[in-house]
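J.: Attaching a single structure in structure tokens format; questions to follow.
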Amino acid sequence: MKSTSIHPTQSNAFAEIIFLFGPTGVGKTELLLDLDPKKFSVINADSIQVYRYLDIGSAKASLEVRHSIPHHLIDIKDPWEQFSVGEFIAYADQAVASIHQEGKIPVISGGTAYYFKHFLYGLSEAPPSDEGVRLAVAQRIEQNGRAWAYEYLKQIDPISAQRIHPMDMYRVSRALEVYEKSKRPLSSFSLPDTPRNGMHPLVIGLMRESDQLRTRLALRIKQMFDQGLEDEIRSLLRMGAQMSWPGLQGIGYREFFQAMEHGEWSRSIIADQIERNSRLYAKRQMTFFKSFAQVQWMNADEKGEILTAIQWYLHPDCMSLQ
RNA sequence: GCCGCUUUAGCUCAGUUGGUAGAGCAAAGGACUGAAAAUCCUUGUGUCCUCAGUUCAAUUCUGAGAGGCGGCA
């Protein structure tokens, strides 16, 4: 792997890639500032930070940070556009290739565990989500009820029905959508379970004590309001923002739209809801991340150890001499 | 000061015609087949404010006290 190939930039298969993930508010962005921009570039793996105009609420890295170390996959979509894992993988592959081309190491950093999982293993061959079909399925579920939807799933795809909980309409409807689209049960498309292209990333999981994370989240949300989160919402409203916009499903946005539906905009209530939802989200993220294989868990404050781990990964022979 | 209402899980509150109690939210744990900041699952022992009385038995009834809310002074 240390071969001095004539085409070093083309050896995508075994090139170094670093995964950096952790729950919201753990301190990923702060850590990125310690990376040498001459050696590393960042690829964002956050499903909300891909959207333009969603800066404060999504806790996007500031322009200064992005100036000091390049970030890919930020501001690539408008908030009314749908984004998806499939697109993430395609864009991330491109970014990884171009970063390698520059002779640098890509650091994929973010909190969307689902994106990391499928970037590493790839997706099944099942057809991508189709908004039209999805709406049609949703309508039928609306008319006939959830029980009907699950019974129907049991008929067309008993294997998926066993895996999916009867109340989990998000997944039931995707399974029905796939059947509608391909006339094949979702479970007939197998899910890969080995890394794509022999990828062997360094997987760093950042963690913190839950009390500490809680305090940090509370502080961060306060700062978001100080930085003008409400102005950001108002300017989105001027753009015609609707609660249904995909980007606005993010925590820190949807709470405002829910509040407006009830005809009230109470700063303190909304702030509390954002805080609560962030905590719940952080918990779900941790649960997902914990299920990943070969994670090097590190305390987010131990920057020295994290950088050392990266050194080990990039130059194993060098380190072993010491 | 008087009158009324109120005190039950971390929070908001149900409830037991007297047999020691249960929802939502939170919290903890979990799932995750192209929307994933989404969607979903599991988990409920708490001096039922305190003391005394009635009773086989009181969180439930009676009395007194304490806290809260409201009205009248």
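J.: Here is a check on your reading of the model: is A:Asp46 outside any helix (DSSP H, G or I), open to solvent by 50 Å² or more (accessible area, probe 1.4 Å) and at pLDDT 95 or above?
T.: For A:Asp46, the condition - outside any helix (DSSP H, G or I), open to solvent by 50 Å² or more (accessible area, probe 1.4 Å) and at pLDDT 95 or above - is not met.
J.: With respect to A:Leu153, is the statement that it is open to solvent by less than 30 Å² (accessible area, probe 1.4 Å) and over 30 Å from A:Tyr313 (Cβ atoms) true?
T.: yes
J.: Can you tell me how many residues within the stretch A:104-146 are open to solvent by 60 Å² or more (accessible area, probe 1.4 Å) and of a type outside the set (Ser, Thr, Tyr)?
T.: The number of residues fulfilling the criteria is 13.
J.: Another question, if that's okay. Scan A:Leu280, A:Leu248, A:Leu237, A:Leu206 and give me the residue that is away from RNA strand B (no atom under 12 Å from the Cβ), aliphatic (A, V, I, L, M) and in a helix (DSSP H, G or I).
T.: A:Leu237
J.: Separate question: Out of A:Met224, A:Met298, report the one residue that is at negative phi, in contact with a strand residue (DSSP E or B) (Cβ under 8 Å, 6 or more places away or on another chain) and open to solvent by less than 80 Å² (accessible area, probe 1.4 Å).
T.: A:Met298
J.: Turning to a different aspect of this structure: Mind telling me which of the residues A:Ser109, A:Ser124, A:Ser129 ends up being within 13 Å of RNA strand B (Cβ to nearest atom) and assigned to a strand (DSSP E or B)?
T.: Exactly one of A:Ser109, A:Ser124, A:Ser129 is within 13 Å of RNA strand B (Cβ to nearest atom) and assigned to a strand (DSSP E or B), namely A:Ser109.
J.: Tell me, which residue of the stretch A:21-35 that is in a loop (DSSP other than H, G, I, E, B), farther than 25 Å from A:Asp78 by Cα and open to solvent by less than 50 Å² (accessible area, probe 1.4 Å) is farthest from RNA strand B (Cβ to nearest atom)?
T.: That would be A:Leu35.
J.: I'm told A:Tyr170 meets every condition in (1) within 13 Å of RNA strand B (Cβ to nearest atom); (2) open to solvent by 40 Å² or more (accessible area, probe 1.4 Å); (3) touching a helix residue (DSSP H, G or I) at 6+ places or on another chain (Cβ under 8 Å); (4) closer than 30 Å to A:Ile56 by Cα except one. Can you identify the failing condition by its number?
T.: Unmet condition: (3).
J.: Pull up the stretch A:251-262, narrow it to residues that are more than 9 Å from RNA strand B (Cβ to nearest atom) and open to solvent by less than 70 Å² (accessible area, probe 1.4 Å), then point me to the one that is farthest from A:Arg220 (Cα to Cα).
T.: A:Met260
The values are calculated or read from the model by the stated rules, or taken from the named source; none is laboratory data. In this text the structure is predicted, and so the values were computed from the model without any measurement. Methodologically, a virtual Cβ is constructed for each residue, glycine included, from the backbone with ideal geometry; neighbour enumeration extends over all protein chains shown. Keep in mind that these areas ignore ligands, DNA and RNA; they rest on the heavy atoms of the full protein, side chains included. Shrake-Rupley method; radii C 1.70, N 1.55, O 1.52, S 1.80 Å.
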